[in-house]
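Structure first, then comments.
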Amino acid sequence: VAGCTLGDVISEFLVFALALTIAGSTLAAEYTGDYVLALAFGIALQYFAIAPMRGLGVRDGLVAAAKADFISLTAFEVGLFGWMAVMMFVLFPAPHQLMPSSAAFCLLMQVGMMIGYCTSWPANAWLVRRGIKVPM
Amino acid sequence: MGVMNFVFPITALYFGPLALWFYLRWGRVPRSVTMAHAPAGSAVAAHAGPGATAHAPGGPPNSAAPLAGQPAPDRGRPWRVTMATEVSH
């Protein structure tokens, strides 16, 4: 989840700084950027844990890391993206959207990360029980 | 695990003081593991868990001994602590 956090933070600021949209939607651009960068950073952080623990090479290590992180990350983003939708459509709708440059945005994204942490917990428990993710 | 040197600070970005408390309580390597000259079999080493005591010279064979290069998770650590660490990572 730490990798996801890094990826999401970088993506949020990139989408904001470059004013990116997908089909006219900022949220779609945020979701896409967040997911892609979170997966990249997530797999990287898993790799640096799994490869030394199991003595794997680069290719096998990356495959094992991807297996360990994909479901965990997706479950995390379900919580975070759900919260972002609540932020955008319920708490701060159209003319009052929060921008990543504001303190309120950062605070509410912290809340979103905590929600993502909770939605990722069952996925991680399953991964550990199945032996796909090996506890340190 | 070196990667946790990055994971804990990142976790603190959103979990704040809670992450700091968790790190200080559960995230740090036990002191006896970092003390190179701790006498084997001493009370200090005995508290380090199976990973540290399994290799004590002259000690009894330990059925819970981890394979070489595969540190076993500390059995004194509650499941929820293991999971909280894994989720944060």
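The values are calculated or read from the model by the stated rules, or taken from the named source; none is laboratory data. On a predicted model such as this, the values are computed, not experimentally measured, just so you know. Please note: Cβ atoms are built from the backbone with ideal geometry, for glycine as well, and neighbour counts cover all protein chains shown. Each accessible area value is taken on the protein alone, full model and side chains, heavy atoms only, with ligands, DNA and RNA left out. Shrake-Rupley method; radii C 1.70, N 1.55, O 1.52, S 1.80 Å.
Rounded to the nearest 10 degrees, what's the angle between the helix A:58-86 long axis and the longest principal axis of chain A, both from Cα atoms, 0 to 90?
30 degrees
Could you work out, residue by residue across B:77-89, how many beta carbons of other chains sit within 10 Å of that residue's beta carbon, and then give the average as an integer?
If you average over the peptide's residues, the count of other-chain Cβ atoms is 6.
Once amide H atoms are placed 1.01 Å from N in the peptide plane, what residues at a sequence separation of 5 or more from A:LYS133, or on another chain, have their amide H within under 5 Å of its amide H?
For A:LYS133, the qualifying residues are A:VAL128.
Rounded to the nearest 20 debye, what is the charge dipole size of chain A about its Cα centre when +1 sits on each Lys and Arg Cβ and -1 on each Asp and Glu Cβ? Could the numbers behind the result be given before it?
Numbers: 6 positive and 7 negative charges, 112 e Å.
The calculation lands at about 540 debye.
May I ask for the angle, rounded to the nearest 10°, between helix A:2-17 and the longest principal axis of chain A, with both axes built from Cα atoms and the value confined to 0 to 90°?
Between the helix axis and the principal axis of chain A, the angle is about 30 degrees.
Would you give the gap between the C-alpha center of segment A:113-135 and the C-alpha center of segment A:18-86, rounded to a whole Å?
Taking the Cα centre of segment A:18-86 as reference, the centre of segment A:113-135 is 14 Å away.
Quick one: which residues, 5+ away or cross-chain, put their amide H under 5 Å from the amide H of A:ILE22? H built at 1.01 Å from N.
A:ALA28, A:ALA29
Roughly to the nearest percent, how much of the accessible area of chain A is carbon and sulfur, given a 1.4 Å probe?
Carbon and sulfur: 76 percent of the exposed surface of chain A.
Which whole-number percent is the relative contact order of chain A (Cα, under 8 Å, 6+ apart)?
The value is 24 percent.
Determine, from the Cβ-Cβ distance of A:ALA85 and A:VAL36 and an R0 of 22 Å, the FRET efficiency 1/(1 + (r/R0)^6), rounded to the nearest 0.05.
It comes to 0.75.
Taking each residue of A:115-128 in turn, how many C-beta atoms of other protein chains fall within 10 Å of its C-beta, and what is the average? Walk me through the numbers before you get to the answer.
Values: counts 0, 2, 6, 1, 1, 3, 5, 2, 1, 8, 6, 0, 2, 6.
Mean inter-chain Cβ contacts per residue within 10 Å come to 3.
Select from A:MET113, A:PHE89, A:ALA65 the residue farthest towards the positive end of the dipole of chain A; place +1 on Cβ of Lys and Arg, -1 on Cβ of Asp and Glu, and compute about the Cα centre.
Ranked along the dipole, the leading option is A:ALA65.
What average count of beta carbons from other chains do you get within 10 Å of the Cβ of residues in B:6-16?
6
Where does the charge balance sit around A:ILE50 when Lys and Arg score +1, Asp and Glu -1, over other residues with C-beta under 15 Å from its C-beta? Mind dumping the intermediate values first?
Working: positive: A:ARG54, A:ARG59, A:LYS67, A:ARG130, A:LYS133; negative: A:ASP60, A:ASP69, B:GLU86.
Once all neighbours under 15 Å are counted, the net charge is +2.
Count charges around A:PHE105 for me, please; just the other residues with Cβ under 12 Å from its Cβ, Lys/Arg as +1, Asp/Glu as -1.
Around A:PHE105, the surrounding residues sum to -2.
On a 0 to 90° scale, report how tilted helix A:103-129 is relative to the longest principal axis of chain A, with both axes built from alpha carbons and the result rounded to the nearest 10.
30 degrees
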